[in-house]
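Please treat every number below as a calculation from the coordinates, not as lab data. Quick caveat: nothing in here was measured; it's all calculated off a predicted structure. Note: ideal-geometry Cβ built from the backbone for every residue, glycine included; neighbour counts use all protein chains shown.
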Amino acid sequence: MKRRDFIKSMAAVGSVTAIGLGIEKIPRVIADEAITNPTPYDGDALPVEMKIDKATGEIILNQDVALKNSVCLGCWSNCGNRVKVDKKSGKILRVVGNPYHPSCAEPHLPFDTPLRESYLSLGQYQENGHTQRATVCQRGNSAFQMVYEPNRILTPLKRAGKRGEGKWQPITWEQALEETVEGGQLFSELGESQTIEGLRQVRDLDTPIYPEQPGWGVKANQFVFIGGRDDGRTPFAKRFVNNAYGSPNHFGHGGICGISRRVAYLAFLDTWDKKPHMKADYMGAEFIMFFGNAPGQAGAPFQPMARKSALAQAENGMKAVIVDPVLQNGMYNSPKAEESSWVPIRPGGDGALAMAMVRWAIENEKYNENYLLSPSKEAAQKKKFPSWTNATYLVIQEEGHADYGKFLLGEQIGLAAKADETNPNYVVIDQKSGEPTLCKVAENGTLFYTGKIALGDAMVTVKSSLQILRDEATSYTYEEYAQESGLSQERLISLAKEYFNHGTKAATDHHGGVSMHSNGFYGSLAVATLNALNGNINKKGGSTKSGGGYIADDAGKRYDFAKVPGGVKPKGVKISREGKAYEETPEYKARKAQGENPYPATLPWSPLADSLEGHVIPSMMAGYPYTAKILMMWMANPLYATPGLFQKDVEDFLKDPEKLPLIISIDIMMGDSTQYADYIIPDTTFYESWGVPTIWNLVLTKANGARRPIIEPLVPKTKEGHPYSMEAYLIEIAKRLNLPGYGEKGILDAEGKPTPLNSAADYFLKAMANIAFDETPIADIAAEELALSGLAEDLKDVKASLSPEEWQKVYYLLARGGRFEDYVKNYDGDNLTNKFGKIVNIYNQKLGTSINCMTGRYNPGTACWIPPTFADGRTVDEVYPSQEWPFIAVSYKPRYRTGACLDNVPLLKGMQDTNHIEMNLEDASAMGITTGDKVRLITPTGEVEGIAKVRRGVGKGSIGIEYGYGHWGQSGDQGFEIGGKKRAGDARDGRGVLLNRLALRDISLKTPHPLVDLVGGSTDRNTVKAKIVKL
């Protein structure tokens, strides 16, 4: 991008026009004035925030500019930022990093640093600006432009034509509420006579959907909510859906992203409620294997991954390799594969590499024996290990036995008088005596054991957990692992040697690249298991669950969010077929009662997974387990983001109100999914909204961000003075329906007394009070800081939300953009300060006793190698052989785009307005393809034309496609119409290729369904068999 174009792009923020509607009875939106009102600096250099004397450190603030701390949502890392706002116009001028926030600086400022002193991190006084200068990435620096997007929706819209036709009419807030709540013949003016049930009619908590099979749930379940990722607002929406409305069907983004990785960590850590996962401690490590998440490009949190990995290599000598079919923005130090830090894995073959390393470590006794021998926390502590595993626990492996897959318990064989629910009586073979012993008694167990034990009148086979893992690892040869991974046997073994040579200072780190395959769960579990074998859990340089955060919207010291006054508990099953075993469903029971073989299930069930957004619309289409009546989307684009979903059959389904009667979308923009809605409710952007976002794993200290409106929202306000938003809409619905948990008795304080929930501010300020008072309460804000921050003036309209005592600490919190534990708390000697405090699993009983709903066979209880497969067990390679489909296409995270909001940032569009079909040098040469050639990418699902880019960094046989491009319809270049006036789209939005539209479906199923991981639930976006034709 040329400099003058860059300046024009930045200046355009001051001159674009949003959808400002001044129609009678519709609140006038002063969007045009708010956006076009120029600052004194448009098209010119921005003013400095302050002057800092390099010699004395004296700070002279620019009185025309306000600095306000917030939390970014340019991607989903939730980094802290400091926003420069022009006081006269109220416009955002610039975004920089928040030096208090651990995602923005290494090290971050101590939390008690005075606010004025924190400004020194912006300058050169005593080199503070070099050592603690807080940064934001290119996304965070430019994402504020979406606030001023020309086609931003600021007023409720109702479709004025057929669904998806792109015709809309503006309506009042009151009309939008009335019609979506009460239903009726909502589109009679269009000649549609269908009577549509509104939110009032669908909220029936008593009437079963199917009276003959009430186990499926009640009518209220036919309200389905799909939201975006957790930006600090998601719990508010989930509370409404689950505990107020009474539907189980709240879904987030995880199911179409890295959910299989998360579920794998639930099994690895046996923590199914809080959903922890682990990352490597970059700054303390000697060697890290990045599986599918190159620092500085992929994974999350985006910015601290890049910073920490770079510093660790430069200052601490950390060595790393990137295991990925496509090398992105990462380390690459030699064109010779065997010498490079890049490991070009075959897509879907990560688990094969990891299991080869497991096999090598076991066969060569390179695992951490002393660590794995410890069968209890107490035994591990005596050896000064900060964690322990179940490697020596005995598991019943007698096929056909009622307790197959369960741990052997002491009370079953006379070692304990009764069961112990708190600390179960697991059994090991004592290393000294060679006899069965309670794990809580033995100092050391036996790592590898297979034998028979008397259980009642029968002798049953038992194995130790590590023995089961060894059996799985040795079920494939190194040659087979090499073939599946696309690597040489020598490379497999050299990586294993390197990894285990570093002891507890080697770790694996992975994200969606591993898990976004139909074998993603077991691939992820294999990668995680390497961290148990070398004993790095909770060790400096090993694996960390991260510091976590302080209590926010949960049971806190000031307010109890865990209890909703009068709240309801959803009944039945989720429409996504998750969180419940197929064997517990009415379908299974009915088929068993009729004497049928109950397998396979009609569609896959994932009892261990949750938030499977990608399964929702296929379930609606199949009417299994039931149909939906209302779909509400918020900050979500499932049609774009779900691999293998959007085809003509899905579009035809969504366009038919007879099949899905009501679609409501809460959004700031017209998106690929929002364009099919009946009603669009405007929302606030992240700089206009509240939130208490957590921080992605990697940061070792406790941290909570805090977001509040830092500019006046461009959307109008309700009669009560609340900006149009997701929260305002749901609160209004709740009050109309008299739902529990809203109004004057909406939130309980810590003593059980009801307090108001009438606005977003009520909810989030109370959550911030919990953060401020958690553990040791934070300080009160000083008068100078309060004046400097401008918080008292900014928040004067919401003073009633908190008590004076609470405000003093919440002001202190907001002045720093959250609450952050000090950097010095990273380590406790050679261990991490904030440790994962439960057992680490080599074998997981819940996993090992779960059943594949398609075959009726038990799932393996340890890590193992399973190639990408369809639901019927056929492998992808069997169905689509390489002779016909020589390539596998994968998508990877872009530097400048995401699937939704960042597509609306002019500056990022200007940097790169299209993606490419990226090919390996040898593959392209063999086909006579060079960079710039037009090619056709063909997959079993469809085809698309694009521009080839031939480059080093794409594995042989792989195709790389950058995500975030290829939008269609009203969100692409077609535009849309409001009140008869055409709103032009942007041709750049439709450029490029979206691989998700070409991703595989599961052809073994009877109804349209993406290819999914049967255990972890992820939709497969990276096993896309393909061929290329030069045009």
Nearest 10, in degrees from 0 to 90: the angle of helix 259-269 to the longest Cα principal axis of the chain is 50
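Using DSSP, restrict attention to beta bridges with both residues in the chain and report what percent are antiparallel, rounded to the nearest 5.
Values: 75 of 116 bridges.
In the chain, approximately 65 percent of DSSP beta bridges are antiparallel ones.
Cα-Cα pairs above 37 Å in the chain: how many percent? Show your work: numbers first, answer last.
Details: 268107 of 530965 pairs.
Roughly 50 percent, once rounded to a whole number.
Please arrange Tyr599, Tyr843 by counting, for each residue, the other beta carbons lying within 10 Å of its beta carbon, fewest first.
Details: Tyr599 16, Tyr843 26.
Lowest to highest Cβ neighbour count: Tyr599, Tyr843.
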Listed by chain and number, the aspartates and glutamates with an alpha carbon less than 14 angstrom from that of Lys563, same-chain partners under 8 positions apart left out, are Asp553, Asp554, Asp749, Glu751
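Using only helices, what value at 222 nm comes out for the chain when you add -39,500 (n - 2.57) per DSSP H run of length 4 or more and divide by the total residues, to the nearest 500 deg cm²/dmol? Intermediate results must be reported in sequence, preceding the final value.
On the way: 31 runs with 244 residues, N = 1031.
It comes out at -6500 deg cm²/dmol, rounded to the nearest 500.
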Kirkwood Rh for region 949-1009 from C-alpha pairs, in Å, is 14.6
Computed over the Cα atoms of region 611-740, the Rg and Dmax in Å are 17.5, 52
Taking a ≥ b ≥ c as the square roots of the eigenvalues of the Cα gyration tensor, with a/c under 1.5 meaning rounded and otherwise prolate when a/b exceeds b/c and oblate if not, region 720-802 is oblate
Helix 520-533 sits off the longest principal axis of the Cα atoms of the chain, rounded to the nearest 10 on a 0 to 90 degree scale, by 70
When Arg359, Arg116, Arg991 are arranged by how many other beta-carbons sit within 10 Å of their Cβ, fewest first, they go Arg116, Arg991, Arg359
Percent relative contact order for region 647-717, counting Cα pairs under 8 Å at least six residues apart, stands at 23
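So for region 124-208, Kirkwood radius off the Cα pairs, Stokes-Einstein at 20 °C and 1.002 mPa s: how many µm² s⁻¹?
On the way: Rh = 17.6 Å.
Approximately 122 µm²/s, per Stokes-Einstein.
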Ratio for region 527-658, C-alpha Rg to 2.2 N^0.38 Å, reads 1.47
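For region 876-1030, give the share of DSSP beta bridges that are antiparallel, in percent and rounded to the nearest 5; count only bridges with both residues there.
Numbers: 19 of 27 bridges.
Percentage antiparallel, nearest 5: 70.
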Helix 489-501: inclination vs the chain longest Cα principal axis, degrees, rounded to 10, gives 80
Quick shape check on region 876-1030: root eigenvalues a ≥ b ≥ c of the Cα gyration tensor, a/c under 1.5 is rounded, otherwise prolate if a/b tops b/c, else oblate, and it reads oblate
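About its Cα centre, what dipole magnitude does region 876-1030 give when the only charges are +1 on Lys and Arg Cβ and -1 on Asp and Glu Cβ, stated in debye to the nearest 20? Write out the running numbers ahead of the final one.
Values: 22 positive and 19 negative charges, 91 e Å.
I would put it at about 440 debye.
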Once the in-chain neighbours fewer than 8 apart are removed, the aspartates and glutamates whose Cα is under 14 Å from Lys893 read Asp324, Asp903, Glu918, Glu962
Where a ≥ b ≥ c are root eigenvalues of the Cα gyration tensor, a/c under 1.5 meaning rounded, otherwise prolate if a/b exceeds b/c and oblate otherwise, region 413-550 counts as prolate
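What percent do you get for the relative contact order of region 876-1030 when only Cα pairs under 8 Å and 6+ apart count?
Details: 313 pairs, mean separation 47.9, N = 155.
The normalised contact order for region 876-1030 reaches 31 percent.
Please give the charge dipole size of the chain, origin at the Cα centre, charges +1 on K and R Cβ atoms and -1 on D and E Cβ atoms. Round to the nearest 20 debye. Display every interim value, and only then the final one.
Working: 118 positive and 122 negative charges, 197 e Å.
For this selection, approximately 940 debye.
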Among Ala312, Ala636, Pro693, the residue whose Cα sits farthest towards the positive end of the charge dipole of the chain, when +1 is placed on the Cβ of each Lys and Arg and -1 on the Cβ of each Asp and Glu, is Ala312
The farthest towards the positive end of the charge dipole of region 876-1030, of the residues Ile917, Ala987, Gly928, given +1 on Cβ of Lys and Arg and -1 on Cβ of Asp and Glu, is Ala987
As straight-line cross-link partners of Lys589, the qualifying aspartates and glutamates (C-alpha separation under 14 Å, not fewer than 8 residues apart within one chain) are Glu212
Bridge orientation stat for region 649-785 from DSSP, antiparallel percent rounded to 5, came to 55
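Could you please rank Leu748, Leu802, placing first whichever residue has the fewest other Cβ atoms within 10 Å of its Cβ?
On the way: Leu748 19, Leu802 24.
Least to most surrounded, the residues fall as Leu748, Leu802.
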Length-normalised contact order of the chain, Cα under 8 Å, at least 6 apart, in percent, tallies to 17
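Too long at a 32 Å Cα-Cα cut-off: which of Lys766/Lys846; Lys557/Lys838; Lys629/Lys799; Lys377/Lys505? Don't skip to the answer; put the middle values down first.
Numbers: Lys766/Lys846 37 Å; Lys557/Lys838 25 Å; Lys629/Lys799 40 Å; Lys377/Lys505 21 Å.
Where the Cα-Cα span goes over 32 Å, the pairs concerned are Lys766/Lys846; Lys629/Lys799.
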Phi angles of region 283-299, converted by Karplus (6.51 cos²θ - 1.76 cosθ + 1.60, θ = phi - 60°) into ³J(HN,Hα) in whole Hz with x for Gly and Pro, give 5, x, 7, 9, 8, 10, 9, 8, 9, x, 8, 4, x, x, 9, 10, x
